Amino acid sequence: MKKFEKLKPILFALCGLAVWAVGSSQAWAIFDRGGILGVGTRAMGLSGAFTAMADDPSAAYWNPAGLGQLDRSEILGMYGSYLNDKDRNLYFSFQYPLPDDIHLALSTNNLFYTDIPGAHEDQYMGSVAIPLDFVTGKRLLAGVNFRYLFSDLGNGNGSAQGTGVDLGFLFRQPFQDSTEFRAGLVLTDLSTTIHYDSTGVEQPVPSLLTVGLAYRFDPTTLVSADFPWNISNDALVGGGNIQVRGGVEHWFFDGRLGLRAGCISFSTLPAEFSLGASYRAADWSMDYAYSNHPQLGNNHRLSADYFFDSGTPGKLQPKPFMVQSLVGDGKIFLKWDIPKGSETDGFLVYVRSDDDKDFHRAKQELLQTKFCLLRGAKNGVRYHVFIQSVVGGQEKYSCNEWVVVARPMSTEAKRYYDRGMDAFNHNQVSAALYSARKAEEYDPNNYDIKDLINKLETSHHEGLVPGGVE
């Protein structure tokens, strides 16, 4: 009990949950991962619902498997002020992709307690992530953290130190029209033990199991949720400590301005809400997050992220984005863009069906256009597709994989489409456009309907594939 009294101020500063403190593990009190102290400004703008996203360097904290999504070196730095400035946080993470899809990261997380003289908590972490090849398209990633932990308890109460291991997985399943489902699973403190220097006591840190789910409605909008709970035989820190974190995010102005909001629900306290904003340029971004709890107070986070490019510094990477797909009878039409100001030699389109083991080039030649019409697709068959940019003769940047299914036009849509084609052939533009728009209402993602509308709206009657280029 005497040792608990020494640690009680730190426990309050970490999570403010005094009802959990009675008889709880010192190690759990110090190196808490289930409260409101998560790192990463974008992640905490989503209230920590980041396990299934984990797509910036703070993935090393939330889900190390997410590092496998990052295709260029990045460094992230964050400053945080928590619980009405009772705690201050400095976090840095640097991730570097190696050949053969091996991703490494080094991180430091330093937490200082302003109301406890000399008290601080430090974590130093090395992370590695790889794709698991038995699931194609880099859709299943695995990652592991190796952590060294040190805490000065302050007020001359000694120190504690230990080592820990975390294990994470991330699964991504793209669907038609660039939507995507994601699921993450992380076991934090899989093997973590803390040694108290002043007493010689050695205690394990209870493991934290987190399931994360996310869904992208399009390349700019997502919702996510995390469901963490402590794995412990102690009733005070076990299954009763289940909470839910949820968030929503949307990007505006071609992905430059991001806004997000989130909520953490606690088992014994009112919920906490968060807001966040980001500005993203070609090779850097700035993020801010704010949250306020009616009992625990205000929290502020500010971070900066810099993207390194192996080419010319500051040069935009021609990574395909804003991919659109249309389908028809045995047809798949793809259209994409790259960041304005970026340059590429051309593009390659890769495709495979559910029955194929490996991807192959849909077209052997290097495409100079940012669109492609694929003929000969089998109706009703799921095709997995991704687009690769070629720079300096090397295939370097690719968009996320997604799924497209070719199919004939619906019956109602074809009735109006045939009327529109007949009017178009008789140069009755207004009547043709009216019928084409009606057909679009019944089948909005059909290639032939969109092609007819495009012909009617252009002065030279060019379709979606100008000049007959396919």
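Checking each residue in segment 197-233 for being aromatic (Phe, Trp, Tyr) and touching a helix residue (DSSP H, G or I) at 6+ places or on another chain (Cβ under 7 Å) picks out only TRP229. The residues on offer are GLY77, GLY118, and the sole one that is over 24 Å from GLN317 (Cβ atoms) and either touching a Lys or Arg at 6+ places or on another chain (Cβ under 7 Å) or small (Gly, Ala, Ser) (or both) is GLY118. When VAL144 is tested against (1) among the hydrophobic types (A, V, I, L, M, F, W, C); (2) at pLDDT 95 or above; (3) not in a strand (DSSP E or B), only condition (3) is not met.
ASN298 meets each of the listed conditions (1) surrounded by 14 or more Cβ atoms within 10 Å (Cβ to Cβ); (2) in contact (Cβ under 8 Å) with a residue 24 or more places away in the chain; (3) not in a loop (DSSP other than H, G, I, E, B) apart from (1). Of all residues in segment 178-191, those being more than 18 Å from the chain's Cα centre (by Cα) and surrounded by 22 or more Cβ atoms within 10 Å (Cβ to Cβ) number 2. Name the residues in segment 430-450 that are surrounded by 20 or more Cβ atoms within 10 Å (Cβ to Cβ) and under 16 Å from LYS335 (Cβ atoms), would you? Matches in segment 430-450: ASN446, TYR447, ASP448, ILE449, LYS450.
Of the conditions (1) in the same structural domain as ILE332 (by TED's automatic domain parsing); (2) touching a residue at least 40 places away in the same chain (Cβ under 8 Å); (3) among the β-branched types (Val, Ile, Thr), ILE449 fails just one. Which one is it? With respect to (1) in the same structural domain as ILE332 (by TED's automatic domain parsing); (2) touching a residue at least 40 places away in the same chain (Cβ under 8 Å); (3) among the β-branched types (Val, Ile, Thr), ILE449 is out only on (1).
Of the set (1) touching a residue at least 60 places away in the same chain (Cβ under 8 Å); (2) exposed (fewer than 15 other Cβ atoms within 10 Å of the Cβ); (3) within 15 Å of GLY45 (Cα to Cα), all apply to GLY255 but (3).
When you scan segment 53-63, how many residues do you find that are in contact with a Ser or Thr (Cβ under 9 Å, 6 or more places away or on another chain) and within 15 Å of LYS138 (Cα to Cα)? Please lay out each step first, then the result.
Pass one, segment 53-63, residues in contact with a Ser or Thr (Cβ under 9 Å, 6 or more places away or on another chain): 53, 56-63.
Checking which are within 15 Å of LYS138 (Cα to Cα) leaves us with 53.
The number of residues fulfilling the criteria is 1.
Can you tell me which residues in segment 348-373 are closer than 17 Å to TRP336 by Cα and part of a loop (DSSP other than H, G, I, E, B)? Result: ALA362, LYS363, LEU366, GLN368, THR369, LYS370. Give the residues of segment 208-228 that are surrounded by fewer than 19 Cβ atoms within 10 Å (Cβ to Cβ) and either at pLDDT below 85 or of a type outside the set (Phe, Trp, Tyr) (or both), sorted by residue number. Matches in segment 208-228: LEU209, VAL211, LEU213, ASP218, PRO219, THR220, THR221, VAL223. For segment 405-419, the condition holds for at least one residue, the condition being that it is in contact with a Leu (Cβ under 8 Å, 6 or more places away or on another chain), under 21 Å from PHE333 (Cα atoms) and not in a strand (DSSP E or B). Just one of the listed residues (GLY346, GLY297) is at pLDDT 85 or above and out of contact with any strand residue (DSSP E or B) (no Cβ under 7 Å at 6 or more places or on another chain), and it is GLY297. Surrounded by 16 or more Cβ atoms within 10 Å (Cβ to Cβ) and in the same structural domain as LEU37 (by TED's automatic domain parsing): does that describe LEU98? The answer is no for LEU98. Of all residue pairs spaced 6 or more apart or on separate chains, those with beta-carbon atoms under 8 Å, a first member in segment 381-397 that is in a loop (DSSP other than H, G, I, E, B) and a second member that is of a type in the set (Val, Ile, Thr) and crowded, with 16+ Cβ neighbours inside 10 Å are VAL381/VAL405.
For segment 281-295, a tally of residues being part of a strand (DSSP E or B) and either over 12 Å from ILE36 (Cβ atoms) or in contact with a helix residue (DSSP H, G or I) (Cβ under 9 Å, 6 or more places away or on another chain) (or both) returns 8.
Counting residues that are among the basic types (Lys, Arg) and under 24 Å from ASN145 (Cβ atoms), which strands (runs of 3 or more DSSP E) fully inside segment 161-235 reach at least 1?
180-188
The values are calculated or read from the model by the stated rules, or taken from the named source; none is laboratory data. It should be emphasised that the depicted structure is a prediction, and the values quoted were computed from it without experimental measurement. A quick note on method: Cβ atoms are made from the backbone with ideal geometry, for glycine too, and the neighbour counts reach across all protein chains shown.
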